[in-house]
Structure formats: structure tokens, C-alpha cells
1. Pick from region 24-58 the residues that are of a type in the set (Lys, Arg), in a helix (DSSP H, G or I) and touching a residue at least 40 places away in the same chain (Cβ under 8 Å): which of them is surrounded by the most Cβ atoms within 10 Å (Cβ to Cβ)?
2. Looking only at residues in region 81-110 that are under 15 Å from the mean Cα position of the chain (by Cα) and either among the polar types (S, T, N, Q) or crowded, with 17+ Cβ neighbours inside 10 Å (or both), which one is nearest to residue 13 (Cα to Cα)?
3. With (1) within 30 Å of residue 119 (Cβ to Cβ); (2) at pLDDT 85 or above as the list, and residue 93 as the residue in question, which single condition is left unmet?
Amino acid sequence: MPGLITDRVCAEVDDEIVVFLIGMRINKLWKIWKWLPVAIAMPKMLKELEARPELGMLSARGHFGLRNLWSLQYWKSADHLRAFAHAADRTHLQAWQAFNKNAASGGDVGIWHETYVVPRGALESIYVNMPRFGLGLAGTLFPAKGHRSSAAKRLGQAGR
């Protein structure tokens, strides 16, 4: 399998990082005219963000279920995330305004997001037999050995 890393590795980032989860839930499957525009908006935003790394998104991965579509994203900072969300010339604000105008009422489709600002040194990860994934896409991978050999050590909590 291309890109498979069979070693035991962990990811680290040099500064704080923002973990952003954003998604939608289709509450009424038959009302496709309500939820389809919402579903189509996210790929457009991700395409824009991938083409413009200076906007601050480090990586993203989509997740799909019958009624739920969501994206796990890593950002350089909360300021980058807010700037993208509120910029008049970016895809998010337009999509947000369209949702509020066309789909926010009636309960046909729901939207949500969660934002986690993680201070430097307050996260840890492990990957075995995996391609680059999650924080491993946003950060730098290292062998999970020595001072990186356990979750407690990666969090600087060994011996507690």
C-alpha cells in the first residue's frame, strides 16, 4: 500500500495548533434541495484552503455517513480560522449566508462545529501501520522511541 508507514511513529507540532471539526447532518433525506447546497459547500472551501496554504489550514480529512458529513481539520491558529470564516472574499462566508437564508429554519439540515485550541506540548499521537493521517499530516513525524516511547513521555508526564 503506497504511503504506508509500518514503523511506530508519533507526530509533533512546533507551536499551538487548532483542531477544528465541522459538519452537517441531514435530518430530512427527501429534502435534497435543502441539504445538497450545504453538502457541496465544504468541498469548495477545502479546495480553496488547500490551494492557499497561507490561509492557515494545515490538513483536512472528510468523513461520511448516511446522514452525517464532517471534516477533521488542523489549523495554524484560531486567528487564521476566524479570518477565513469572516473574510468577505472567501467561500465560507458566502456558504454561511446561503445556509442562513435557505436552510437554517425548518430543521431539514443541521450544521455544527467544534474548535479546540491545543497549547504547545499538550498533545500526543501514535501511528502504526498507517499512512500519514490526522496530526501526522499537520505536524512532523518522529520514531516513537526514547523520550517519545509512551503517551506519558510524549506529554511530558512520565513519572507522575
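1. Taking the candidates together, the pick is 34.
2. That would be 81.
3. All conditions are met except number (2).
The values are calculated or read from the model by the stated rules, or taken from the named source; none is laboratory data. The shown structure was predicted, so the numbers you read here are calculated from the model rather than taken from an experiment. A quick note on method: Cβ atoms are made from the backbone with ideal geometry, for glycine too, and the neighbour counts reach across all protein chains shown.
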